[in-house]
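Notes to accompany the following structure.
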Amino acid sequence: MGGTPIGSQAKQKINVDVPYIAANVTPSDTVDLPEVARYLRIGNVSGGADLVFMDGEGNTITLQGVAVGEKILCHVTRVLATGTTVSNIVAFY
(Lines give C-alpha, C1' and ligand atoms only; values in the text may rest on other atoms or scores of the structure.)
Protein backbone atom coordinates (compact mmCIF):
# COMPACT_ATOMS: atom_id res chain seq x y z
CA MET A 1 0.00 0.00 0.00
CA GLY A 2 1.15 3.52 -0.69
CA GLY A 3 -0.16 6.86 0.41
CA THR A 4 0.45 9.23 3.27
CA PRO A 5 0.62 7.85 6.81
CA ILE A 6 -2.09 9.01 9.18
CA GLY A 7 -1.75 10.56 12.64
CA SER A 8 1.63 10.80 14.33
CA GLN A 9 3.28 8.98 11.43
CA ALA A 10 2.41 11.89 9.14
CA LYS A 11 4.63 14.38 10.99
CA GLN A 12 7.30 15.80 8.77
CA LYS A 13 10.83 16.37 9.92
CA ILE A 14 11.73 20.03 10.24
CA ASN A 15 15.27 20.89 9.18
CA VAL A 16 16.59 23.11 11.97
CA ASP A 17 19.31 24.44 9.66
CA VAL A 18 16.73 26.07 7.40
CA PRO A 19 15.40 29.43 8.64
CA TYR A 20 11.76 29.37 9.70
CA ILE A 21 10.93 33.05 9.13
CA ALA A 22 12.15 35.75 6.75
CA ALA A 23 11.44 39.46 7.25
CA ASN A 24 12.45 42.75 5.67
CA VAL A 25 14.83 44.83 7.78
CA THR A 26 14.57 48.55 8.41
CA PRO A 27 17.98 49.72 9.62
CA SER A 28 17.87 51.58 12.95
CA ASP A 29 20.47 52.97 15.31
CA THR A 30 18.20 52.38 18.32
CA VAL A 31 15.91 49.40 17.66
CA ASP A 32 17.03 45.75 17.69
CA LEU A 33 15.63 43.15 15.33
CA PRO A 34 12.63 41.31 16.85
CA GLU A 35 14.92 38.34 17.49
CA VAL A 36 18.48 37.36 16.66
CA ALA A 37 18.75 36.70 12.93
CA ARG A 38 20.70 33.66 11.71
CA TYR A 39 21.81 35.57 8.65
CA LEU A 40 21.06 38.52 6.38
CA ARG A 41 20.65 38.65 2.62
CA ILE A 42 21.44 41.83 0.70
CA GLY A 43 19.06 42.83 -2.08
CA ASN A 44 20.38 46.14 -3.42
CA VAL A 45 23.71 47.96 -3.46
CA SER A 46 22.87 50.76 -5.89
CA GLY A 47 23.18 53.34 -3.09
CA GLY A 48 26.47 51.90 -1.84
CA ALA A 49 27.87 48.59 -0.65
CA ASP A 50 28.37 49.04 3.11
CA LEU A 51 26.59 47.17 5.88
CA VAL A 52 26.90 48.03 9.58
CA PHE A 53 25.38 45.68 12.14
CA MET A 54 25.66 44.43 15.71
CA ASP A 55 26.55 40.78 16.19
CA GLY A 56 25.27 38.41 18.86
CA GLU A 57 27.87 39.70 21.33
CA GLY A 58 26.96 43.36 20.79
CA ASN A 59 30.01 44.17 18.66
CA THR A 60 29.53 46.72 15.87
CA ILE A 61 30.72 45.25 12.57
CA THR A 62 31.24 47.18 9.33
CA LEU A 63 31.40 45.27 6.05
CA GLN A 64 32.46 47.17 2.97
CA GLY A 65 31.95 45.99 -0.61
CA VAL A 66 28.93 43.81 0.10
CA ALA A 67 27.45 42.25 -3.07
CA VAL A 68 23.84 41.86 -4.20
CA GLY A 69 22.55 38.47 -3.09
CA GLU A 70 25.32 38.05 -0.55
CA LYS A 71 24.43 36.17 2.63
CA ILE A 72 25.95 37.57 5.81
CA LEU A 73 26.31 34.42 7.92
CA CYS A 74 26.41 35.78 11.45
CA HIS A 75 24.03 36.18 14.36
CA VAL A 76 22.70 39.72 13.95
CA THR A 77 20.83 41.68 16.61
CA ARG A 78 20.59 45.08 14.87
CA VAL A 79 21.27 46.61 11.47
CA LEU A 80 22.44 50.16 11.99
CA ALA A 81 21.12 53.01 9.84
CA THR A 82 24.29 55.05 10.26
CA GLY A 83 26.86 53.78 7.79
CA THR A 84 24.60 51.24 6.09
CA THR A 85 24.21 52.04 2.40
CA VAL A 86 22.84 48.70 1.14
CA SER A 87 19.07 48.26 0.98
CA ASN A 88 16.41 45.58 0.58
CA ILE A 89 17.93 43.65 3.47
CA VAL A 90 16.15 40.47 4.55
CA ALA A 91 16.75 38.78 7.91
CA PHE A 92 16.31 35.03 8.29
CA TYR A 93 15.38 33.67 11.70
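The values are calculated or read from the model by the stated rules, or taken from the named source; none is laboratory data. All figures in this text were calculated on a predicted structure; none of them were measured in a lab. With ideal geometry, Cβ positions are generated from the backbone for all residues, glycine too; neighbour counts draw on all protein chains shown. Accessible surface areas use protein heavy atoms only, side chains included; no ligands, DNA or RNA. Shrake-Rupley method; radii C 1.70, N 1.55, O 1.52, S 1.80 Å.
Measuring with a 1.4 Å probe in the full set of protein chains, what accessible area per residue, in whole Å², belongs to segment 23-93?
In whole numbers, segment 23-93 has 54 Å² accessible per residue.
How large is the dipole of segment 16-93 about the Cα centre if only Lys and Arg carry +1 and Asp and Glu carry -1, each at its Cβ, rounded to the nearest 20 debye?
Dipole magnitude for segment 16-93 comes out near 200 debye.
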